[in-house]
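These notes concern the structure reproduced below.
Just so it is clear, none of the values below were taken in a lab; they were calculated from the coordinates. Remember, it's a predicted structure, so these values are computed and weren't measured experimentally. Cβ placement follows ideal geometry from the backbone for every residue including glycine, while neighbour counts extend to all protein chains displayed.
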Amino acid sequence: MRYLLFLCALTLSAAAFGQTKQISLEDIWQDYIFSPERVSGFNFLRDGKTNVRLEGNKVITYDLKSGKEKAVILDGESLKGQAGFNGRIDDYTFSADETKLVLSSETEQLFRRSSQEFFHVYDLDTKELTAVYPEKKHRLASLDPTGARVAFVVDNNIWIKDLTAGALTQVTEDGQVNAIINGAADWVYEEEFAFSSAIYWSPDGSHLAYLKFDESEVPEFTYTDFKDGMYPEYNTFKYPKVGENNSTVSLHAFNVATGNTKDLITVNKDKLDRWHYLPRVDWTTRGDQVVAQVMNRYQNQTQLQLFDLQTGEERTILKEASKFYIDVHDNLTFLPDGKQFIWTSEIDGFNHIYLHGLNNAKEQQQITSGKWEVTDFYGLHEGKVYFQAARNGPIDREVYVKSLRGRDLPRPLAAEPGTNSAQFSSTFDYFVLDHQTINQPAVVSVMDGDGESVRRIIGNDDLLAKSREYGYQPVEFFRFTTEEGTTLNGYMIKPNGMDEDEEHPLLMHVYGGPGSQQVLNNWRGANMAWFQMMAQKGFVIAVVDNRGTGARGELMKKQTYLTLGKQETEDQIAAAKYLGEQAYVDADRIGIFGWSYGGFMSLHCILQGNETFAAAISVAPVTNWKWYDSIYTERYMRTYKENTAGYDENSPIHYADRLKGDLLLVHGMGDDNVHFQHTAEMANALIMNNKQFDTYFYPNRNHGIYGGPTRLHLYTKMTNFLLSSLGTKAR
């Protein structure tokens, strides 16, 4: 059974979206006229009533309630030339007491989350600017909570600078490129555990904890850049693929007063060692207690290990296991009394909040419950927890508050249909609410602690008017049930004034990876503008979330375990068949487009669904999981040796002989994440089966394939490919 769920936030109708202008690729990818206004660089001060933004190279404070400017506390241009500062502020952070600012400049991106730059510390009282390490670019400068010292990483070693005396202390000395990294994550931790900084000041500034990565036994990967030289440049870095050696990771604590270092724990030192990963480090409320999260290589067992630096004691404060895998998160929060902590877990089948005892590993209380997911944890204040959840259904998000001790139900602070996300002040008296729907760009407002509106910051009214001016069609949500009995969510865009009895080509878009969601009630950005453009050209657009996607409980998300690609492909083919049965869809002209995991899915659909799909665009695809990184792949598939059938039976490489429709294969040759190797091997398999296909490659571009006119170039090709393959006329 199927039903349509129409959004009604602004009572948008097809008539309200009357087409008056044609959307062009230049509008989307050159002039960016459909880009929403955003609140960037928004930070709260400790008083909970003042916010700070970086605007026009100035750090400016504003009154949160009125929005009026209070003061320009720093103008980057006025400091140009001082202490080697170039006058441009790339980013800033405050010290804990808000008397100092750490400024970054001349930032050079390394990988997804990492960069190197020059750091300076600006004293708001003395107006003095101090270079952290003027000799060369460095990384991850972090002030201690007292504001007296700054720790940073240079040449894979950790240093501490005393800001009063100017003295430098070298904490580690064994750093070496492609061998030993101190204080920063290696490539695979950065990519899959989502952090780059591995230095952690204690709450009182007495200790600096840090991770050391020994990647000397990790295999290397090399990709090539072409930059108009006589010879190309070769970029070689450590990249552990499935079943290969990972870094040996150890946790240490440096005592600032004595200069002594304590070695706390090492994982993956012995290949028989149960604990293989160390994805998170946190301090308790005390300056002598540090907590490390450890996991086995399968990532289905984890523990929190507490180290008491004063007594030398080590104890386990939490254990968790799963028959599938455990997701790493940042929700560990210690209560002010130092006796309990917050943790989120899927142990009851849905992601919820739990209260644990710090001194009793068996002490546990479930704070939220129900067949719905906590999707973000915002914090704890005065006995209340603040969080985001998909309580009203998987396509929406609401903001809630709940007592930590009582049996009260979660109280909504923001629950209008759509996606509500919040950023709370340090006092939790106010929060900034971002509310958006799939048909309405973000409205950002200041709210008080009870969820009452104080003022609007931005409304994106111009963008909403522009979407009407250019004939955006209303997006419709739908559900359908597959023959196997799984109900799937989707959304659809139809051409303006479409005759329901006239057949149209269908373009499906897919990502489909574990825990992801595309069918979400939020503004979809540049791809949505492109979809609207394709609808103007007569295409029906549809997106369906397959099994394995998020916000519907652990079993929905994790049933693709050990067979990535199988259930997802079955569901996308089922969706295409279902949509092809609609009177307004031409079942012989169905195409699909995906990027990264979605590229992997697009290949499976055009190959295994060769009787259903007539065309596919696959951008930066994984083509066999054995060529991808260890942490991500083994979490879902274990190793190739253990699960050979799971890998091979779900690799598009092995279905190359089935290609019937039109295929466009695209990849960046400088992709450090999903290597060009994947597309090269796919191309070779197609060639060996004498299958014709189109291919576009982008030298020096990474996984995102961007820079200058690159996106315009790519989407021009994609548009022309679809028009040629599926055929339609502009409306």
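Within a 10 angstrom radius of the beta carbon, how do Ser403, Ser197 rank from fewest other beta carbons to most? Walk me through the numbers before you get to the answer.
Details: Ser403 15, Ser197 19.
Starting with the residue having the fewest Cβ neighbours, the order is Ser403, Ser197.
Take His667, His504, His138, His713 and order them by how many other Cβ atoms sit within 10 Å, fewest up front.
Final ranking by Cβ density, sparse to dense: His713, His138, His504, His667.
Only four residue types carry charge here, +1 at the Cβ of Lys and Arg and -1 at the Cβ of Asp and Glu. Report the dipole size of segment 329-459 about the Cα centre in Debye, rounded to the nearest 20.
With Lys and Arg at +1 and Asp and Glu at -1, about 200 debye.
Enumerate by residue number the GluC sites (Glu not before Pro) in segment 27-82 meeting two conditions: DSSP loop (anything except H, G, I, E, B), and at most 15 other Cβ atoms within 10 Å of the site's Cβ.
Filter output for segment 27-82: Glu37.
Would you mind checking Lys319/Lys362; Lys323/Lys557; Lys212/Lys238; Lys566/Lys691; Lys127/Lys161; Lys136/Lys227 for any pair whose Cα atoms are more than 21 angstrom apart? Could the numbers behind the result be given before it?
On the way: Lys319/Lys362 9 Å; Lys323/Lys557 13 Å; Lys212/Lys238 15 Å; Lys566/Lys691 23 Å; Lys127/Lys161 19 Å; Lys136/Lys227 24 Å.
Pairs exceeding the cut-off: Lys566/Lys691; Lys136/Lys227.
Normalised by the empirical 2.2 N^0.38 Å for globular proteins, what value does the Cα Rg of segment 143-269 take?
The value comes to 1.22.
Charges on Cβ only, +1 for Lys and Arg, -1 for Asp and Glu, centred on the Cα centroid of segment 275-341; of Ser322, Gly312, Val281, which one is farthest towards the dipole's positive end?
Final value for the positive-end residue is Ser322.
Segment 370-452: which GluC sites (Glu not before Pro) are DSSP loop and have at most 11 other beta-carbon atoms within 10 angstrom? Don't skip to the end; give the middle numbers.
Details: sites: Glu373, Glu382, Glu398, Glu452; in loops: Glu373, Glu382, Glu452.
In loop regions of segment 370-452 (DSSP not H, G, I, E or B), the sparsely surrounded GluC sites (Glu not before Pro) are Glu382, Glu452.
Once the dipole of the chain is set up with Lys and Arg at +1 and Asp and Glu at -1 on Cβ about the Cα centre, which of Phe237, Met492, Ala184 lies farthest towards its positive end?
Of the listed residues, the answer is Met492.
Mind checking segment 576-667 for GluC sites (Glu not before Pro) that DSSP puts in a loop (not H, G, I, E or B) and that have at most 16 other Cβ atoms within 10 Å?
Glu581, Glu611, Glu642, Glu649
Kindly work out what percent of the DSSP beta bridges joining two residues of the chain are antiparallel, to the nearest 5.
Of all bridge pairs located within the chain, approximately 85 percent are antiparallel.
Taking other Cβ within 10 Å of each residue's Cβ, how do Arg407, Arg547 sort, fewest first?
Arg407, Arg547
Relative contact order for segment 329-459: what is it in percent, counting Cα pairs under 8 Å that are at least 6 residues apart?
It rounds to 12 percent for segment 329-459.
Within straight cross-link reach of Lys402, meaning Cα distance under 21 Å, which lysines are found once same-chain residues fewer than 8 apart are removed?
Qualifying lysines at Cα under 21 Å: Lys339, Lys371, Lys384.
To the nearest 20 Debye, how big is the dipole of the chain about its Cα centre, given +1 on the beta carbon of each Lys and Arg and -1 on that of each Asp and Glu?
Dipole magnitude for the chain comes out near 800 debye.
Lys/Arg Cβ at +1, Asp/Glu Cβ at -1, dipole of the chain taken about the Cα centre: which of Phe350, Val674, Tyr511 is farthest positive-ward?
Of the candidates, Phe350 comes out farthest on the positive side.
Starting from the Cα gyration tensor of segment 442-540, take the square roots of the eigenvalues, sort them a ≥ b ≥ c, and report rounded, prolate or oblate (rounded when a/c is under 1.5, otherwise prolate if a/b is larger than b/c, else oblate).
oblate
For all pairs of alpha-carbon atoms in segment 329-459, what percent lies in each bin of width 10 Å, listed from the first bin to the last filled one?
13, 42, 32, 11, 2
Quick check on the chain: helices-only [θ] at 222 nm, where DSSP H runs of length 4 and up contribute -39,500 (n - 2.57) each and the sum goes over total residues. Nearest 500, please.
About -4000 deg cm²/dmol.
Just need the Rg to Rh number for the chain, please, alpha carbons only, Kirkwood Rh.
Expressed as Rg/Rh, it is 0.96.
What shape does segment 613-731 take by its C-alpha gyration tensor, where a ≥ b ≥ c are the square roots of the eigenvalues and a/c under 1.5 counts as rounded, a/b above b/c as prolate, and the rest as oblate?
Oblate, because a/c is 1.5 or more while a/b does not exceed b/c.
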